[in-house]
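Below is one structure; the comments refer to it alone.
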Ligand SMILES: [Fe+2]
């Protein structure tokens, strides 16, 4: 698979560098994907604890074939879509509630690295995510962040035991949004578990403990298979595009504002803003220059 993509289709192979962040920019140098640097201290222990939590959770779920592959998976958090008329928490049975709460508690330190990295590498985009959360949490007092200070409303725990995704785009995510992915093991990252980004033609070595941000709705992505007997878990976070749309429609559904006369003006402006929404959303990705300027306390954001 990998040699064919490189030789016949011009894909670029990115060797894993554990000592540095590896960032990928678009034609305007905006960083749309980044494998962030692993924390230098205690990260091995934190990953081990997270792996144990995955192992415990995994015993409660069945292996199933789905759109992204054949592995155990569970989504959790706040969502919108599939016919729902208001934002809501994904359903959990009584037995799941306690189990998932325990899982969340066990991986809290692991997820802190996702949160810190998101705000470091994508500050403008994360501001949009956080602003949305403020509006959503005001709607219902049972809504809350799943992890302290996390800008993402939901997560997916892929419990494998061999989590290998087929090529897909996560169409329910915000179209220009980002999605952090973390891999846990053990598996040999030289021979499997790579992240392939198809449109930018990248094959990225992705080792145990790595976290990478990708625009998962806009870019087709998949994994290189791992060997028999290896284990790969993955943890991803996202905010459903439907939640953003709900806010853009004045905390109503699109159907509501399209069909009710009283919202005619709101609907007209929602439609008019459509063509520029992608452009202005994508501009929220920062360049290295933006990030350096921010770190120095000034702003040189490219428009
Ligand atoms: Fe995905």
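The values are calculated or read from the model by the stated rules, or taken from the named source; none is laboratory data. What you see is a predicted model; the values in this text were computed from it and never measured. Cβ atoms come from the backbone with ideal geometry, glycine included; neighbour counts cover every protein chain shown.
Being modelled with pLDDT of 95 or more and either part of a loop (DSSP other than H, G, I, E, B) or under 16 Å from the mean Cα position of the chain (by Cα) (or both) is true of residue 115. Taken as a whole, segment 31-39 holds no residue that is in the same structural domain as residue 118 (by TED's automatic domain parsing), more than 25 Å from residue 282 (Cα to Cα) and either free of Cβ contacts under 8 Å to residues at least 40 places away in the same chain or assigned to a helix (DSSP H, G or I) (or both). Give just the number: which of (1) in the same structural domain as residue 139 (by TED's automatic domain parsing); (2) in contact with a helix residue (DSSP H, G or I) (Cβ under 8 Å, 6 or more places away or on another chain) does residue 23 not satisfy? Only one criterion is unmet by residue 23, namely (1).
Can you confirm whether residue 53 is more than 20 Å from residue 188 (Cα to Cα) and either without any contact (Cβ under 8 Å) to a residue 40 or more places away in the chain or out of contact with any helix residue (DSSP H, G or I) (no Cβ under 9 Å at 6 or more places or on another chain) (or both)? In short, no.
Per this entry, residue 242 is not counted among residues that are out of contact with any helix residue (DSSP H, G or I) (no Cβ under 7 Å at 6 or more places or on another chain) and without any contact (Cβ under 8 Å) to a residue 40 or more places away in the chain. Considering segment 217-233, and only residues there that are within 14 Å of the ligand (Cβ to nearest atom) and surrounded by fewer than 23 Cβ atoms within 10 Å (Cβ to Cβ), the residue that is farthest from residue 47 (Cα to Cα) turns out to be 218.
Just one residue in the set 270, 238, 246 is surrounded by 23 or more Cβ atoms within 10 Å (Cβ to Cβ) and away from the ligand (no atom under 16 Å from the Cβ); that residue is 246. Residues of segment 224-244 that are farther than 11 Å from residue 87 by Cα and either over 20 Å from the mean Cα position of the chain (by Cα) or outside any strand (DSSP E or B) (or both): 224, 225, 226, 227, 228, 229, 230, 231, 239, 241. Number of residues in segment 191-207 that are over 19 Å from the mean Cα position of the chain (by Cα) and under 18 Å from residue 36 (Cα atoms): the value is 0.
Taking segment 134-147 as the range and being free of Cβ contacts under 8 Å to residues at least 40 places away in the same chain and assigned to a helix (DSSP H, G or I) as the test, the residues that pass are 134, 137, 138.
Taking segment 137-153 as the range and being surrounded by 20 or more Cβ atoms within 10 Å (Cβ to Cβ) and either within 15 Å of the ligand (Cβ to nearest atom) or farther than 16 Å from residue 236 by Cα (or both) as the test, only 152 passes. If we scan segment 68-83, do we find a residue that is out of contact with any strand residue (DSSP E or B) (no Cβ under 7 Å at 6 or more places or on another chain) and either farther than 26 Å from residue 194 by Cβ or not assigned by TED's automatic domain parsing to the domain that holds residue 180 (or both)? Yes, segment 68-83 has at least one match. Kindly indicate whether any position in segment 165-185 is outside any helix (DSSP H, G or I), away from the ligand (no atom under 13 Å from the Cβ), within 30 Å of residue 40 (Cβ to Cβ) and modelled with pLDDT under 95. Yes, because at least one residue in segment 165-185 is outside any helix (DSSP H, G or I), away from the ligand (no atom under 13 Å from the Cβ), within 30 Å of residue 40 (Cβ to Cβ) and modelled with pLDDT under 95. Mind listing whichever residues of segment 154-164 are surrounded by fewer than 20 Cβ atoms within 10 Å (Cβ to Cβ) and either under 21 Å from residue 1 (Cα atoms) or within 12 Å of the ligand (Cβ to nearest atom) (or both)? Scanning segment 154-164 gives a single hit, 156.
Which one of 91, 53, 101 is surrounded by 18 or more Cβ atoms within 10 Å (Cβ to Cβ) and under 22 Å from the mean Cα position of the chain (by Cα)?
53
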